[in-house]
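To start, the structure itself, in C-alpha cells.
The values are calculated or read from the model by the stated rules, or taken from the named source; none is laboratory data. None of these values were measured; they are calculated from a predicted model. FYI the Cβ positions are ideal-geometry reconstructions off the backbone, even for glycines, and counts take in every protein chain you see.
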Amino acid sequence: MQIIKAGMGIIARQGFNATGIEAILKQANVPKGSFYYYFSSKQDFGLQVLDHFAEGIDRIFTSYLTDSGYTPLARLRNCLESLMDRFEKNNCSIGCLAANMGQELADQSEDFRLKLAGIFQSWMAHFEQCLAEAGEAGEIAADRSPRDIAEYFLTGFEGALLISKVMKSPDPLRNFVSVFFDRII
C-alpha cells in the first residue's frame, strides 16, 4: 500500500512522533480523508508500518539464511554483507526502522513494545536456526548455544548499526561483523 511505503520512508528519516499524517498523505499522493479509511489511528498506522517492514526483512533473512548453496556461516555473512551494502547506499543515514521505533516508542506504548519484541524474537529465531545448522556442520563449537549467539549477534549488530548511523560511517558496523566472525564465532 502506497500510504505505508510513503510513511515508512518518512518515519525512517525523522521518527514516528515527528511524522505528521498530512506529510505521509502528501508523499503518497493520497487524499486527506483516505487515511482513516485504512487506519483507525496513527498508532494503527505505525503498527502496520512495522508489520510491512518486518515482512520485508523476513523475506531477506529467509532468502539468505536458507540458501543451501552456501555453508550456514557463509549464508549469515552474505546476509550481513547485503544489509551493510544497503546501509552504505543510504549514506549511513537510514538504520533499522524497528530499532529506531523501539528507541522512540517502547516506553510510550505497550502495543508498540510488544510488536517490536515480536519482530526481534522472529529475527533471533532466523539467526538461531542458521547458527544451529552451523553447529551441526561443525562451523561453531558444539557447546555454544545458538540461541545465545543469535541474541548476542542481534544486539551487537543493532548497536553497531546505531553507532555507524551516528558516525555516518560504515566502519563500526563492518568492525562488529569482522570481530563477530573472526573472534566470537
Cβ contacts < 6 Å: first residue at pLDDT 95 or above, restricted to the range 61-77; second residue of a type in the set (S, T, N, Q), any location; separation 6+ or different chain. Result? 64/78
Looking at (1) on the phi > 0 side of the Ramachandran plot; (2) at pLDDT below 95, which is the one condition that is false for residue 141? (1)
Residues in the range 1-20 that are without any contact (Cβ under 8 Å) to a residue 40 or more places away in the chain, closer than 15 Å to residue 101 by Cβ and surrounded by 14 or more Cβ atoms within 10 Å (Cβ to Cβ) total 3
So which helices (runs of 4 or more DSSP H) stay within the range 81-185 end to end and still have 2 or more residues that are closer than 21 Å to residue 71 by Cα and without any contact (Cβ under 8 Å) to a residue 24 or more places away in the chain? 110-136, 146-167, 171-179
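Taking the range 66-101 on its own, how many of its residues are within 17 Å of residue 135 (Cβ to Cβ) and either of a type in the set (Ser, Thr, Tyr) or buried (at least 17 other Cβ atoms within 10 Å of the Cβ) (or both)?
The total comes to 9.
The rows are residues; the columns are (1) modelled with pLDDT of 95 or more; (2) surrounded by fewer than 19 Cβ atoms within 10 Å (Cβ to Cβ); (3) on the phi < 0 side of the Ramachandran plot.
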| position | (1), (2), (3) |
| --- | --- |
| 22 | no, yes, yes |
| 37 | no, yes, yes |
| 42 | yes, yes, yes |
| 53 | yes, no, yes |
| 58 | yes, yes, yes |
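Residues 46, 33: which one is part of a helix (DSSP H, G or I), among the small types (Gly, Ala, Ser) and surrounded by fewer than 19 Cβ atoms within 10 Å (Cβ to Cβ)?
None of the other options fit; the residue is 33.
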Quickly run through the range 136-185 and pick out the residues that are surrounded by fewer than 18 Cβ atoms within 10 Å (Cβ to Cβ) and small (Gly, Ala, Ser). 137, 138, 141, 142, 145, 156, 159, 169, 178
